[in-house]
Amino acid sequence: MVDRSYRGWRGYGLAVVSVGACLVLRSALEPFGQFYYLPMVPAAVITALLSRPGPTGLAIALSIAVNVTLVPREGLADTVVNAALFLAVSWLVAELCWAQRRVHRRVGALARKLEGRNAVLDTVLAAVPVVILDRAGRIRRLTPAAAALFGVSSTDAVGSPFSQLVDDFHLDSVDPEPAAGTPPLGGREWRGRRPDGRPLLLTLQVGVTANSTEGDDYAAVSVTDVTQARAATSRAVELDAQLNRVWRLNSLGQMAATLAHELNQPLSAAASYMHASRRDIERTGPLGESAGRTLDLAKAEVLRAGGIIRRVRELLTTGAAALERQRVSSMIEDLRPSLRLLGRDAGIDVRIDIDGRADTVLAERIQFQQAVINLVRNAIDAAGGVSHPVVLISGRGAAGHYEISIEDTGPGILADDLDSVIRPMASGKAHGMGLGLSVTRTIVEGHGGSLRLDRSALGGAAFSIRLPQEERAA
């Protein structure tokens, strides 16, 4: 490396000092013989090693001038030949010195670059679970992340088969040169083992070295723990299935209540007509007794059907949900995977902004979540036909109640149309049943809350569920 202190005028000063020091050395060697130019070579070497070509040329020129002045020669030709030889030799040595300096600089730059890459690699390996194996599938090294994942000590695990940590793993089944785009182990999931018995679900990526001997590093296995991801996916699927079941039951219940109300009137009218027919038959005398008995049986069945429908209707209209203390933020958080799946499938950005302060209410968890899912589905359907669609789910608590708002960027709904939109069996969708919003309002009102429709700041509709906070609800 070049010392910056010998650049500029300091380099020329170094040349003068070097020539002076070599002149002193030459004078000290005079008693032992005539050395001529040889003692002056170090001046050119030192200057070339520590400075640039300019000062080096000055050192060579001064050395020649000193020798021409102090050493008598036989003639001009001898002086010129010796000076030319010294110049050629000194400049060649200087070129070698400069080449050595360039190599030194490159080596230093490569060393720093390699050191930086090693630092990055060490950082990555410290955070990524990686296991190094030999040809026999035995563990040679583990990164700290891999040791923590499997719950073992890095030193104790060395030398043991990797199959003790991952069930059914055999290094012989790994293709050293898999086809492009093909996972080395087929993308399968593996069962891992821990000393504490906690199950592990893993994916493995294996890289194999081209040349290795017995006992050397042969394969690097990158381990990814997908246990929590698979558990979260399973919970989301289970919750979605449960919510769908509740939605279907609520929809069927609403439909049953509507049918009970609609069928009760024609059944009552049919019973009245049968009663009038019975009186007409009585006037015919003995000839109408058989028809009268049959008509009485039919009338009894109609009245029994009406009674069944009334009891079902009373059960549906007076049945109460089992309300418990629930946090709105927790109920919405459970829905986050399902909501993201709904948004992803529809290509819509579903955003969630729930304030977890003062969000405790009395609610039936599954029914409340179904009400939110119904509103989000409607918002996704409404926003699907616009550019940059967004559905925002927000929640804030204030003044004794907690309000959850579901907004979209769709065309919107007039607030005056709320009753007509929520009316059972009225749907604006081509294949809709018209029960979603009706069921939602039934659920909300069963919780002692209210459902409101406003214009959203996003441009579409904003359905708001307002529930009393725990103290007021109790």
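The values are calculated or read from the model by the stated rules, or taken from the named source; none is laboratory data. These numbers come from a predicted model, not from an experiment. Neighbour counts run over all protein chains shown; Cβ positions are idealised from the backbone, glycine included. SASA here: full protein model, heavy atoms, side chains in, ligands and nucleic acids out. Shrake-Rupley method; radii C 1.70, N 1.55, O 1.52, S 1.80 Å.
Quick rundown of the values:
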| quantity | calculated |
| --- | --- |
| Förster radius 56 Å - calculated FRET efficiency between A229 and L303 (Cβ-Cβ, nearest 0.05) | 0.40 |
| Share of carbon and sulfur in the accessible heavy-atom surface of region 356-405 [1.4 Å probe, %] | 55 |
| A358 versus D216: modelled label distance in nm, points set 7 Å from Cα along the beta carbon direction | 7.0 |
| In Å², nearest 10: area of H170 left accessible to a 1.4 Å probe | 110 |
| Quarter of the Cα convex hull surface for region 335-390, i.e. its orientation-mean projected area (nm²) | 4.3 |
| Cubic angstrom per residue, convex hull over Cα atoms of region 36-167 | 154 |
| Kirkwood hydrodynamic radius over Cα pairs of region 92-149, then Stokes diffusion coefficient at 4 °C and 1.567 mPa s, in µm²/s | 90 |
| Solvent accessible area, Å² - S154, 1.4 Å probe, full protein context | 40 |
| In nm, spacing of pseudo-spin labels at V107 and S330 (7 Å Cα→C-beta vector) | 6.7 |
| Where a label projected 7 Å from the Cα of R452 along Cα→Cβ would reach, residues of region 320-359 with amide N under 16 Å | none |
| About the Cα centre, charge dipole magnitude for region 335-385 (Lys/Arg +1, Asp/Glu -1 at Cβ), debye | 140 |
| Segment R52-D296, length gained on full extension (0.36 nm per residue, minus Cα span) | 75.2 nm |
| Linear extension gain, L85 paired with V128, 0.36 nm per residue minus alpha-carbon span | 9.1 nm |
| Segment H388-A21, extension gain: residue separation times 0.36 nm, minus the distance between their alpha carbons | 124.1 nm |
